[in-house]
Every structure is written in C-alpha cells, then in structure tokens.
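Engineer: There's a structure below that I have some questions on.
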Amino acid sequence: MMTISPPDLREPSALRLILTLSLAGLFSGLIIVLAYHATRPAITAYQAEQLRASVFKVLPGVTRIQRQIIREGQLIAAEDPGSEAVYAGYDAGNRLVGYAIPAEGPGFQDTIRLLYGYLPGPRTVVGMEILDSRETPGLGDKIYKDAAFVTNFQRLQIDPAILTVKKGRKAAPNEIDAITGATISSKAVVRIINQGNATWAQRLTARAE
C-alpha cells in the first residue's frame, strides 16, 4: 500500500523571505532603470522641441534662434548642456531681436519652469510661457491657462522690478494683475522672472549697447 506524505506546511525561514524579496527588488529596479534609459532619448528630444517652440512664442518676429552661454564674461554660441544658457532670437534680416531666458523656482505646489522673452534695448519682457508646472488645478494652473494673466507679460518693464498687484489695480508698466484665488502662484511667476533678470538682464543689456 502506497503511503502519501502530507505537504510540508512549515513557514519559510526568515533568510529565504529576505532573499526572495531582495531578488524581487533587484529585478524591479533593473526593469525601471532599463525603461528609463530606453525612453530617455525620446523624452529629451520632446523637451528640446517644446523649448524650441516656446522660444518662438515668447519672442515675436524671430525666424532663427541660437543657444548662447556666458564664457569668460562673453556670450558665445554653444550647445554645452551643463551651462546656463539663453536663446538669442534673430529676424529675417539676421538682426538680433532679443533673448528667450529659461528660469525656474518654487511655486505653491512644486517647481515652476518657464521661459520669457526679453528685449535688452528697452529692458522689456515681451512674452512668457510656462514649460512645467504642478500648481493646483483650477487655481494655480491659471498661470498658463488664463489668457489675461499671460498677456500681462507681453509688454512689461523690468525696472525697478516687476510687481504683482491685486487684479484690476495695475497702473504702472512694471506691474501685473494677479490671478484671483491664485496670488501665490502669480507672485511665484513674477519672482522667478525677477530672479532671471538679476542673473541675465545686465549682461544682455550691456551686450546690446
């Protein structure tokens, strides 16, 4: 008569559990890394194209752009990804129109990345485009969805500094109307642009003279 042994119901040892979990974590991490490296070129290309399209939006009249960095106190054309850069915009006659300046800083929820157009002669901002934002839907996201707010940046003096005022009270060429209910996000955009100007405006104005 054949004897059938009962199944082994003993719990696996702690070491076996640790090894199993470690292997599972290792393979999961490997899959994530491989997926990241596989998709990175496409993501990078998309971001570059998004940035390029935004440059033409914030600098009206531009037909050609050139990435430029500061080296030894001089602006030079370069594709060095590790350096802070601006994008010089030229018209059809190859005359410099102005610069598109990337800038970023903290918003209400997370980092806001933006690009704005700057004319060094009159020291004027002529356009603004939000590149990345996770501000509150329905409120903070109006920094790029509210056309009236974005229009604030189409002819905006930067001196002595850009200021945010309560909606409807804009009276000076360096003021913008804040978004009702999203004052923090509105002020964040202005602060980011003022910080960008602190870094770039004097350099670019001097070059234009």
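Throughout, read-outs are computed from the coordinates displayed, never taken from laboratory work. Everything numeric here is computed off the predicted structure, so don't read it as measured data. Every residue, glycine among them, receives a Cβ derived from its backbone with ideal geometry; neighbour counts consider all protein chains shown.
Engineer: Scaled to the compact-protein estimate 2.2 N^0.38 Å, what is the alpha-carbon radius of gyration of the chain, rounded to two decimal places?
Structural biologist: 1.54
Engineer: Give me the lysines in straight-line cross-link reach of K167: C-alpha distance below 24 Å, same-chain residues under 8 apart excluded.
Structural biologist: K142, K145, K187
Engineer: Further question: To the nearest 0.05, how large is the calculated FRET efficiency for E104 and L30 if R₀ is 30 Å and r is the Cβ-Cβ distance?
Structural biologist: 0.40
Engineer: Here's another thing I want to ask about it. Sort the following peptides by mean Cβ neighbour count (other Cβ atoms within 10 Å, averaged over residues), highest first: 169-178, 18-27.
Structural biologist: The packing order, highest mean first, is 169-178, 18-27.
Engineer: Can you show me the helix-derived [θ] at 222 nm for the chain, built from DSSP H runs with n ≥ 4 at -39,500 (n - 2.57) apiece and divided by the number of residues, rounded to the nearest 500.
Structural biologist: -13000 deg cm²/dmol
Engineer: Report the local net charge at T151: Lys and Arg +1, Asp and Glu -1, summed over other residues whose C-beta lies under 12 Å from its C-beta.
Structural biologist: Numbers: positive: R155, K170; negative: D146, D177.
Combined, the nearby Lys, Arg, Asp and Glu give 0.
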